[in-house]
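Undergrad: Pasting a structure below so you can have a look.
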Protein chains: 2
Amino acid sequence: MEVETSQHAYDPTRYERPAVTVDVVIFTLINQELHVLLVQRRHWPFEGFWAIPGGFINMDESLEAAARRELEEETGVRDVYLEQLYTFGDPGRDPRMRVISVAYIALVRADAQKISVSDESTDVRWWPVRALPDQLAFDHEQILAYAISRLRSKLEYTTLAFQLLPELFSILELKHIYEQILGEKLDKGNFYRKIKESNLLEETNVVREGRGRPTRLWRFRRDRTAEKQFVFRWREDRIDRNP
Amino acid sequence: MEVETSQHAYDPTRYERPAVTVDVVIFTLINQELHVLLVQRRHWPFEGFWAIPGGFINMDESLEAAARRELEEETGVRDVYLEQLYTFGDPGRDPRMRVISVAYIALVRADAQKISVSDESTDVRWWPVRALPDQLAFDHEQILAYAISRLRSKLEYTTLAFQLLPELFSILELKHIYEQILGEKLDKGNFYRKIKESNLLEETNVVREGRGRPTRLWRFRRDRTAEKQFVFRWREDRIDRNP
DNA sequence: TATGATAGTGTTGTTTATACACTATCAGAG
DNA sequence: CTCTGATAGTGTATAAACAACACTATCATA
């Protein structure tokens, strides 16, 4: 609940309030590799350190709206997948004051991600998750590690991977994402079967020419209603636990 | 991150702050049935409605510490399983002011739960989850529904069920909990095998006499280190999603 | 026309899940 | 004393899912 579990009516002056921010861990795929957006801090504390983008919530917006606003400010991208990750609120995680951070995960499509963040900018950058900065500001290493772990585990039993792909893609590109995020090689044949049987994809007549046999492109079938859930694979060691 | 993603140093007066509370959904087993603890409100708003216990965080305690404090205030119980559920923060969810609520789930052992909450008390009560009050205060119906759904899904791939049982129990009591929470009958033979093979239980020489053949009691093996994770079953329709 | 690269299918053995029949041990009724 | 019902626990046949890997197909280019 809130407020007066005891007998007294609420007195707003009785409680000091922490600051509340929303941090958004933004993932995208660049050259088939998973990247995350970080910003470099310009002031004390953690000056010069890289940090997960975020900011204060406004009093009239929901947490998710705040996350979407933050996301758009950083990347200019709207209409992405967004999910609440966890709320971090240890005292002392920010030396200036008590800050409660509600962390979100965002997945940005590969074809939309170039829009706003240029490679030349020195204070906002996409980092490959396999080669992150040594140290991040605040407790952001912990947040980021948890975000990656959540992404991994959810990938296996949701259609989350499609959020990272462009509108049209080949099945082997999809397999590549799975391999990227899960960090292991998958069998081509079994992958084909599993995806095809899931009925998750819609065949298009678009074909991409390349070195070998032309590649048929597919699109994620969004119209399915009340369908069986897609489960790529169950892995007991990928259980989402609290950080 | 926090604070000044823009160029300006932080000015504490620039932002109005929401109130932050911690709500704890406390589950226990009474007569083999899953119950949840609710408190009845005595003041506006939602006077007379039942609500999930909770309260403001102190400025010097972590979120989890606040949840433990709240839990102890309500039940007098320490040393229980506690897990962060989700953070609810829509504007208008509390008519008095902007409140961000970090919700937690707590599992209280069956043998410890009688301690503090008496059945006669009119404003604090254990409610069976199968017969909850029609309406709850604030958005607490949503919070409770999500808590139950999370409990169901986690039961299947964690050892969470043991947190609800007393020190010693029979395998068929454990099966009963699974049936309670999952809401379906399980095969006796298959359940035995699965639990025994998991090596999760330690045989005791305690036996309980009853109507039929004496019942051997078991205890949860806490000493296992780096062992294989226990997965009771994978069910694709029990995926934990945001509320 | 050979080669390599991509696309896609078949086959088979192993593991896991499920359904359900079966045996075992005890208390109390008749 | 033995029958019945209640609890405890095991065996087993079948089906479904998974993993490994061999195989075929189509195209560009050397």
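Undergrad: Pick out the one residue from A:Pro166, A:Pro214 that is away from DNA strand C (no atom under 14 Å from the Cβ), away from chain B (no Cβ under 14 Å), surrounded by fewer than 17 Cβ atoms within 10 Å (Cβ to Cβ) and at pLDDT below 90.
TA: Working: A:Pro214 fails: away from DNA strand C (no atom under 14 Å from the Cβ).
Checking each option against the conditions leaves just A:Pro166.
Undergrad: Also, I was wondering about something else. Within the range A:17-49, track down each residue that is among the acidic types (Asp, Glu), surrounded by fewer than 21 Cβ atoms within 10 Å (Cβ to Cβ) and in contact (Cβ under 8 Å) with a residue 60 or more places away in the chain. Break it down into steps so the answer makes sense when it comes.
TA: First pass over the range A:17-49, keeping only residues among the acidic types (Asp, Glu): A:23, A:33, A:47.
Cutting the leftovers down to surrounded by fewer than 21 Cβ atoms within 10 Å (Cβ to Cβ) gives us A:33, A:47.
Listed by number, the list holds a single entry, A:Glu33.
Undergrad: Now a separate question. Condition first: in contact (Cβ under 8 Å) with a residue 12 or more places away in the chain and facing chain A (nearest Cβ under 8 Å). Now tell me which residues in the range B:50-68 satisfy that. If you could, list the steps in order and put the result at the bottom.
TA: Just the residues of the range B:50-68 that are in contact (Cβ under 8 Å) with a residue 12 or more places away in the chain, to begin with: B:50-57, B:63-64, B:66-68.
Listed by number, the residues that qualify are B:Ala51, B:Ile52, B:Pro53, B:Gly54, B:Gly55, B:Phe56, B:Ile57, B:Leu63.
Undergrad: If you don't mind, another one. Just the residues that are assigned to a strand (DSSP E or B) and more than 8 Å from DNA strand C (Cβ to nearest atom), please, taken from the range A:172-211.
TA: The first filter runs over the range A:172-211 and keeps only residues assigned to a strand (DSSP E or B), leaving A:201-208.
Hits for the range A:172-211 are A:Leu201, A:Glu202, A:Glu203, A:Thr204, A:Asn205, A:Val206, A:Val207.
Undergrad: I want to confirm something. Restricting to the range B:84-96 and keeping residues that are farther than 23 Å from A:Asp94 by Cα and at the interface with another protein chain (Cβ under 7 Å from one of its Cβ atoms), which single residue is surrounded by the fewest Cβ atoms within 10 Å (Cβ to Cβ)?
TA: Only one residue tops the list, namely B:Arg96.
Undergrad: Would the range A:90-102 turn up any residue that is among the hydroxyl-bearing types (Ser, Thr, Tyr), in contact with a strand residue (DSSP E or B) (Cβ under 7 Å, 6 or more places away or on another chain) and closer than 22 Å to A:Asp123 by Cβ?
TA: Initially, the range A:90-102 is screened for residues among the hydroxyl-bearing types (Ser, Thr, Tyr), giving A:101.
Still in the running and in contact with a strand residue (DSSP E or B) (Cβ under 7 Å, 6 or more places away or on another chain): A:101.
Subsequent filtering for residues that are closer than 22 Å to A:Asp123 by Cβ retains A:101.
Yes, the conditions are met somewhere in the range A:90-102.
Undergrad: Out of all the residues in the range B:179-196, which are free of Cβ contacts under 8 Å to residues at least 12 places away in the same chain, more than 10 Å from DNA strand D (Cβ to nearest atom) and of a type in the set (Lys, Arg)?
TA: B:Lys185
Undergrad: Related question: Going through the range B:134-161 one residue at a time, which ones are in contact with a helix residue (DSSP H, G or I) (Cβ under 9 Å, 6 or more places away or on another chain) and part of a helix (DSSP H, G or I)?
TA: Of everything in the range B:134-161, those that are in contact with a helix residue (DSSP H, G or I) (Cβ under 9 Å, 6 or more places away or on another chain) and part of a helix (DSSP H, G or I) turn out to be B:Ile148, B:Ser149, B:Leu151, B:Arg152, B:Ser153, B:Lys154, B:Leu155, B:Leu160, B:Ala161.
Undergrad: Also, quick follow-up: Given the condition crowded, with 16+ Cβ neighbours inside 10 Å, modelled with pLDDT of 90 or more and touching a helix residue (DSSP H, G or I) at 6+ places or on another chain (Cβ under 6 Å), answer yes or no: does some residue in the range B:173-183 qualify?
TA: yes
Undergrad: Of everything in the range B:81-101, what is in contact with a Ser or Thr (Cβ under 9 Å, 6 or more places away or on another chain) and within 21 Å of B:Leu160 (Cα to Cα)? Give them in sequence order.
TA: Passing the criteria: B:Gln84, B:Tyr86.
Undergrad: Name the single residue, out of those in the range B:127-138 being surrounded by fewer than 20 Cβ atoms within 10 Å (Cβ to Cβ) and not small (Gly, Ala, Ser), that is farthest from B:Arg41 (Cα to Cα). Outline the logic, then answer.
TA: Quick first cut of the range B:127-138, residues surrounded by fewer than 20 Cβ atoms within 10 Å (Cβ to Cβ) only: B:127-135.
Filter once more, so that each one left must be not small (Gly, Ala, Ser): B:127-130, B:132-135.
Numbers: B:Trp127: 15, B:Pro128: 19, B:Val129: 19, B:Arg130: 22, B:Leu132: 16, B:Pro133: 13, B:Asp134: 15, B:Gln135: 12 Å.
Out of the qualifying residues, it is B:Arg130.
Undergrad: Residues to consider are A:Leu71, A:Leu37; find the one that is within 25 Å of the chain's Cα centre (by Cα), under 19 Å from A:Ala145 (Cα atoms), more than 9 Å from every other protein chain (Cβ to nearest Cβ) and at pLDDT 90 or above. Walk me through it before giving the result.
TA: Values: A:Leu71 fails: under 19 Å from A:Ala145 (Cα atoms).
Answer to the check: A:Leu37.
The values are calculated or read from the model by the stated rules, or taken from the named source; none is laboratory data. Fair warning: this is a prediction, and the values are worked out from it, not measured in the lab. As a convention, Cβ positions derive from the backbone with ideal geometry for all residues, glycine included, and neighbour counts pool all protein chains shown.
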